[in-house]
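Heads up, the thing below is written out as structure tokens.
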């Protein structure tokens, strides 16, 4: 049986599918089933009529993310050294409300009665000050038995220097509690900063059993009627760093999956743009629930300083900024009479009112519907009929409150939503020293195309792109991802005083671990990329610099990067903090087919749309041909999304079907 590939991205409203049979690409959407995500996936596979034999499914999952954001992880015990049980609760003592002397307390991820201590200790140099004693471990076991948790997180001080104590505790607990998920910080994140390391380990334990259970159920359903091992489907999950990991290992590393879906969108955006020679992108992924923005300058930037909700996540993840502004974001008038949009979303159930599924609150999608920018029929690939009267009914409530017409109220909703996204795009670009005009504004997600021209106008950008398959781009990204692992190890010392041979030895060990983890997922030798986290002595935060054999060259590269990032460099010693290794395998052999020109050009239809002086031309995207030019205002519609080409913009269809937008500056 020939191998074939399916990329699946589970979103808050829709579950997206991109299927590649080795020659052609097929796309599809179904409504998500948040309480059991595997049901939507299996339904989509059935509707696409895909054979499960030999199928390689790469999945972007929100199971871990949703469990964390909704506080629905498993009961977890946190184990640390005597005197440090409150580390996760105290955190960095950063105040969410600077001038509020009595802020409302928030419950910690793990309650105090589930934070246990054990009497063992290493020094800051890794010297053993207090050895583990069996009676202490026995007391720990007794305390855990009383709590009866589903997961255990172990985080001892300076375990990145010597992991023996952590591993011994893990070994004995795993033997005693064979049905409990156990992880330790020396496996999850062997880096300094006990709070960030402890939080990453606790998050891994908090959502790990849920991820294991979900992936196990999904794989069992995929394998249900497959008898021969050679024909069994495989299941991988996209990590927050943009590389895939097999499901068997994914459940053990759940903290690495918290930005699974959004990472796929960036992978595909860069892949599609690179076909036309573009590599500088300012991207926004506007789905049903949220919008993710990112900046790509030649390559996708990773960060180890990300947050999910209120929690720091120090494992490598794509560097992006997320806001609660999507097609399903709810619009309302607050007590002061001001129009607001988001962050609450109508989600998949009931969804926007125009879906006809019982939605009773106005959303951004309803506003686009009222303004004539969405067509009634042929939506979402299954002929879903959008309900214009339902959209007008919910917008009328806002219009009445603001003393406006329904259309003017809808336009106000769009403007507010756009302003939220513009602010996010400025955060990721202007506030980091990048000029948006040097980049191509690249949109994806089901709602992105309707807003791309307005956002580009607000940022004074001249070029934009709506990638082919932009409505399911995150799912497409699953098919261009590579199996990978990102490993790190703290090694704090002066850079120029470092022993280069010892550094090489640590790098070699990390590479060996990464290659071993990838052994079952790749056929060829993996590619290795080494880098260092550096800082000026006394600083708290680091910059990442590629590894070269000459330490002086590394120091110069750090000075230059610091000046580019912050506008200055300092005459201070440079300190080495972390060693990092990225290990990557080969990507699936996806090749986007060139656009096949239709023999007969299809004339556009025309519709009225509020806010435009003339009627909009309406084009079917699958009827466009290579090199076709469209002058705005116009709509390009497809079964999974719609693109609005505003007045003053022109569109060129490239060889692969992407829409290249250019602003008229005359």
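The values are calculated or read from the model by the stated rules, or taken from the named source; none is laboratory data. Note that the structure is predicted; figures quoted are calculated from it, not measured. Cβ placement follows ideal geometry from the backbone for every residue including glycine, while neighbour counts extend to all protein chains displayed.
If you go through the range 295-319 and keep only what is surrounded by 18 or more Cβ atoms within 10 Å (Cβ to Cβ) and more than 20 Å from residue 531 (Cβ to Cβ), you end up with 308, 311, 312. In the range 435-463, of all residues being at pLDDT 90 or above, part of a loop (DSSP other than H, G, I, E, B) and touching a strand residue (DSSP E or B) at 6+ places or on another chain (Cβ under 8 Å), the one that is nearest to residue 662 (Cα to Cα) corresponds to 462. Restricting 162, 187, 179, 231 to those that are within 22 Å of residue 55 (Cβ to Cβ) and more than 20 Å from the chain's Cα centre (by Cα) reduces the list to 231.
The single residue among 250, 254, 273 that is touching a strand residue (DSSP E or B) at 6+ places or on another chain (Cβ under 8 Å), touching a residue at least 12 places away in the same chain (Cβ under 8 Å), buried (at least 24 other Cβ atoms within 10 Å of the Cβ) and assigned to a helix (DSSP H, G or I) turns out to be 250. Only residues that are modelled with pLDDT of 90 or more, touching a helix residue (DSSP H, G or I) at 6+ places or on another chain (Cβ under 6 Å) and assigned to a helix (DSSP H, G or I) were counted in the range 464-483, giving 4. Just so you know, in the range 566-581 the residues that are assigned to a strand (DSSP E or B) and touching a helix residue (DSSP H, G or I) at 6+ places or on another chain (Cβ under 7 Å) include one that is nearest to residue 491 (Cα to Cα), and it is 579.
Based on what the data block shows, is residue 568 in contact (Cβ under 8 Å) with a residue 12 or more places away in the chain and either touching a strand residue (DSSP E or B) at 6+ places or on another chain (Cβ under 7 Å) or assigned by TED's automatic domain parsing to the domain that holds residue 499 (or both)? Quick ask: steps written out before the conclusion?
Working: in contact (Cβ under 8 Å) with a residue 12 or more places away in the chain: no; either touching a strand residue (DSSP E or B) at 6+ places or on another chain (Cβ under 7 Å) or assigned by TED's automatic domain parsing to the domain that holds residue 499 (or both): yes.
When the stated conditions are applied, residue 568 does not pass them.
The condition of being within 31 Å of the chain's Cα centre (by Cα), assigned to a strand (DSSP E or B) and outside the structural domain of residue 488 (by TED's automatic domain parsing) holds for only one of 595, 644, that being 644. Every condition in (1) out of contact with any strand residue (DSSP E or B) (no Cβ under 8 Å at 6 or more places or on another chain); (2) at pLDDT 90 or above holds for residue 66 except the one numbered (2). Cβ-Cβ distances below 6 Å connect no pair with a first residue in the range 503-514 that is outside the structural domain of residue 532 (by TED's automatic domain parsing) and under 13 Å from residue 526 (Cα atoms), a second residue that is modelled with pLDDT of 95 or more and assigned to a helix (DSSP H, G or I), and a separation of six or more residues or different chains. Test residue 35 against the stated conditions and say whether it is loosely packed, with under 15 Cβ neighbours inside 10 Å and over 27 Å from residue 181 (Cα atoms). Against the criterion (loosely packed, with under 15 Cβ neighbours inside 10 Å and over 27 Å from residue 181 (Cα atoms)), residue 35 does not qualify.
Might you let me know whether the range 598-605 holds any residue that is touching a residue at least 40 places away in the same chain (Cβ under 8 Å), surrounded by fewer than 19 Cβ atoms within 10 Å (Cβ to Cβ) and in contact with a strand residue (DSSP E or B) (Cβ under 7 Å, 6 or more places away or on another chain)? Let's see the steps before the verdict.
Step one: list which residues in the range 598-605 are touching a residue at least 40 places away in the same chain (Cβ under 8 Å), which gives none.
Checked the range 598-605: no residue is touching a residue at least 40 places away in the same chain (Cβ under 8 Å), surrounded by fewer than 19 Cβ atoms within 10 Å (Cβ to Cβ) and in contact with a strand residue (DSSP E or B) (Cβ under 7 Å, 6 or more places away or on another chain).
Does the range 228-247 contain at least one residue that is in a helix (DSSP H, G or I) and at pLDDT 90 or above? Step through it out loud before you land on a result.
Quick first cut of the range 228-247, residues in a helix (DSSP H, G or I) only: 229-231, 247.
Still in the list and also at pLDDT 90 or above: 247.
Looking through the range 228-247, at least one residue is in a helix (DSSP H, G or I) and at pLDDT 90 or above.
Within the range 627-641, the set of residues being part of a loop (DSSP other than H, G, I, E, B), surrounded by 15 or more Cβ atoms within 10 Å (Cβ to Cβ) and out of contact with any helix residue (DSSP H, G or I) (no Cβ under 6 Å at 6 or more places or on another chain) comprises 628, 632, 633, 639.
Scanning the range 40-79 for residues that are without any contact (Cβ under 8 Å) to a residue 12 or more places away in the chain and more than 22 Å from the chain's Cα centre (by Cα) yields a count of 2. Among the residues of the range 522-536, just one is out of contact with any helix residue (DSSP H, G or I) (no Cβ under 9 Å at 6 or more places or on another chain) and surrounded by 20 or more Cβ atoms within 10 Å (Cβ to Cβ), namely 533.
Could you please find all residues in the range 211-247 being surrounded by fewer than 21 Cβ atoms within 10 Å (Cβ to Cβ) and under 18 Å from residue 487 (Cα atoms)? Answer for the range 211-247, where residues must be surrounded by fewer than 21 Cβ atoms within 10 Å (Cβ to Cβ) and under 18 Å from residue 487 (Cα atoms): just 246.
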